[in-house]
Amino acid sequence: MLTRKKTFQINKIFTSIATGLLLCVMLTCCAKEPSAPEKAAPYDGKEYLQESELTAAGEDPDSAFASYTVVNNYDTALSVPTYVTKADDLWFIVDCYHNRIIYTKELGIPLNEWQIMCDQATQPHTMASDGIVYMVEDTENNRVLVFEKRDNKFINTQCLYEIGNRPHFTVYDEISDTFYVWSSSTGELYCFRHKPEDTRMYLTEIRKIDQLSGLYVRSFTIVGDDIYFVSGVSATGASPQILQCDLKTLNIKKSYPVPDELAGMVQITPIDDMFYITVSTDIKGNQDYATLIRTSSLDKLSKGDYEDIYAKYFVGGGTPYNISKVDDTYFLTEHRLQGHSIWSFKVNGGEITDVTALY
């Protein structure tokens with residue numbers, strides 16, 4: 001038979017258990033998943049560092065589009081292609097050493113059946129679009145060109161000048177509603193926006209990371225609120241590392257040392273749970289070290305814990321460059337070898353499949 005004291009003790013135990021369970025439930029209910037980046041408010045055009053300059057076509061676009069005749073691509077082969085993308089149902093190839101960007105509705109047709117979108121830039125490397133304007137970095141002239149489209153015709157309507165030194169990589173980020181252009185040797189990230197009802201472009205901010213000034217850093221990758229800069233090389237032989245920074249401030253959150261043989265990276269591409277990294281040269285600029293690797297963690301690179309997949313899936317022997325994604329397919333550009341300057345492939349559960357040499 002339970003005494004009053006024992007009954008009190010038992011009730012106290014059950015009360016403690018119940019309280020603990022209730023607290024666990026409350027904590028679970030209150031816990032939140034990490035919040036997604038907040039979408040930027042539309043740009044009002046009030047604050048900016050530079051307004052684009054209109055070209056003659058930009059001064060009178062109606063007349064320019066009416067008189068413009070689409071020109072077919074001149075060549076049957078590519079010369080150092082650097083980027084493939086798709087925008088508004090059109091495919092684009094940045095044909096860097098031919099100083100042009102070409103486009104088509106049908107991927108896979110002969111290159112001389114593509115049309116020329118841009119031939120005003122010297123060694124462009126990438127392009128980006130928000131569906132309204134098309135931005136191209138004119139690498140060797142330190143400027144940015146802005147194109148507009150009507151009836152599958154492209155006109156260069158605007159220019160922005162003195163954009164760093166050899167601007168090398170351009171991305172449109174929908175969350176921040178911003179075009180980002182990377183100056184490859186000054187450590188500067190140029191930010192461009194336009195008002196919702198207008199195509200006029202404005203340089204709204206220049207963000208700088210002093211640690212990358214003087215290094216040749218080819219690209220960046222935006223992941224949520226963060227931006228990753230690939231390892232670069234310099235004349236002084238600076239220790240190679242990948243930097244993970246806050247996108248809004250470029251404050252360094254973390255650095256990842258990498259071996260000298262991977263120093264001259266081109267691009268980092270997150271695919272599933274892996275990082276795919278294209279490498280152009282070692283720390284001395286030797287392209288014999290060019291390759292494509294992947295790793296489950298950037299921390300593992302310094303230990304040599306990565307998989308070299310270039311020769312296994314893509315023949316090898318050339319210089320792989322940028323990787324882009326359209327729908328469920330990835331596109332890899334490369335140079336130095338004829339016959340496979342653009343590849344397409346898919347990744348399913350970590351397995352690379354459907355590898356095809358398109359051009």
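Just so it is clear, none of the values below were taken in a lab; they were calculated from the coordinates. Every value quoted in this text rests on a predicted model; they were computed, and no experiment measured them. Quick reminder, even Gly has a Cβ in these numbers, built from the backbone with ideal geometry, and neighbours come from all protein chains shown.
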**OP:** Report the dimensions of the stretch 106-153 along its three principal axes from the alpha-carbon atoms, largest first, rounded to Å.
**Re:** 32, 23, 14
**OP:** Using packing as a proxy for protection, rank 50-63, 73-86 so that the peptide with the highest average count of other Cβ atoms within 10 Å comes first.
**Re:** 73-86, 50-63
Original post:
What spacing in nm lies between the two simple spin-label points modelled at residue 150 and residue 222, each 7 Å away from Cα in the Cβ direction?
Top reply: 2.9
Original post:
What percentage of all Cα-Cα pairs in the stretch 33-179 are separated by more than 18 Å?
Top reply: 60
Subject >> Estimated Rh, the chain: Kirkwood, alpha-carbon pairs, angstrom >> reply: 22.4
Original post:
When ranked by the protection proxy of mean other Cβ atoms within 10 Å per residue, highest first, what sequence do the peptides 297-303, 321-327, 278-284 form?
Top reply: 278-284, 321-327, 297-303
**OP:** Please compute P(r) over all alpha-carbon pairs of the stretch 144-296, binned at 10 Å starting from zero, and give each bin as a whole-number percent.
**Re:** 11, 38, 32, 16, 4
Original post:
What are the semi-axes of the equivalent ellipsoid of the stretch 225-359, taken as the square roots of 5 times the eigenvalues of the Cα gyration tensor, listed largest first and rounded to whole Å?
Top reply: 24, 18, 13
**OP:** Compute the distance in nm between two label points, each set 7 Å from the Cα along the Cα-to-Cβ direction, one at residue 39 and one at residue 260.
**Re:** 5.0
Original post:
How many nm is it between the label spots at residue 112 and residue 312, if each spot is 7 Å from the Cα in line with the beta carbon?
Top reply: 4.0
Subject >> Under 16 Å from the Cα of residue 149 - aspartates and glutamates, other chains or at least 8 residues apart >> reply: 59, 60, 62, 88, 89, 119, 130, 197, 198
**OP:** Subtract the Cα-Cα distance of residue 174 and residue 56 from 0.36 nm times their separation in residues, and report this length gain in nm to one decimal.
**Re:** 39.5 nm
**OP:** With a bin width of 5 angstrom, please list the P(r) values of the stretch 205-248 as percents of all Cα-Cα pairs, from the 0 bin to the one holding the largest distance.
**Re:** 5, 21, 32, 24, 12, 5, 1
Subject >> Most to least packed among 165-172, 151-158 [average Cβ atoms within 10 Å] >> reply: 165-172, 151-158
**OP:** Multiply the residue gap between residue 67 and residue 348 by 0.36 nm, knock off their C-alpha separation, and tell me the result in nm, one decimal place.
**Re:** 96.4 nm
Subject >> From phi via Karplus (6.51, -1.76, 1.60), per-residue ³J(HN,Hα) for the stretch 153-168 in Hz, x at Gly/Pro >> reply: 10, 10, 10, 7, 9, 8, 9, 10, 10, 6, 9, x, 10, 6, x, 10
**OP:** Tell me what the chain gives for mean residue ellipticity at 222 nm when only DSSP H runs of n ≥ 4 count, each as -39,500 (n - 2.57), the sum divided by the residue total, rounded to 500 deg cm²/dmol.
**Re:** -3500 deg cm²/dmol
**OP:** For residue 253, list the aspartates and glutamates whose Cα falls under 13 Å from its own Cα; do not include residues on the same chain fewer than 8 positions away.
**Re:** 225, 226
Subject >> Extension gain, residue 253 back to residue 235 (0.36 nm per residue minus Cα-Cα distance, nm) >> reply: 3.9 nm
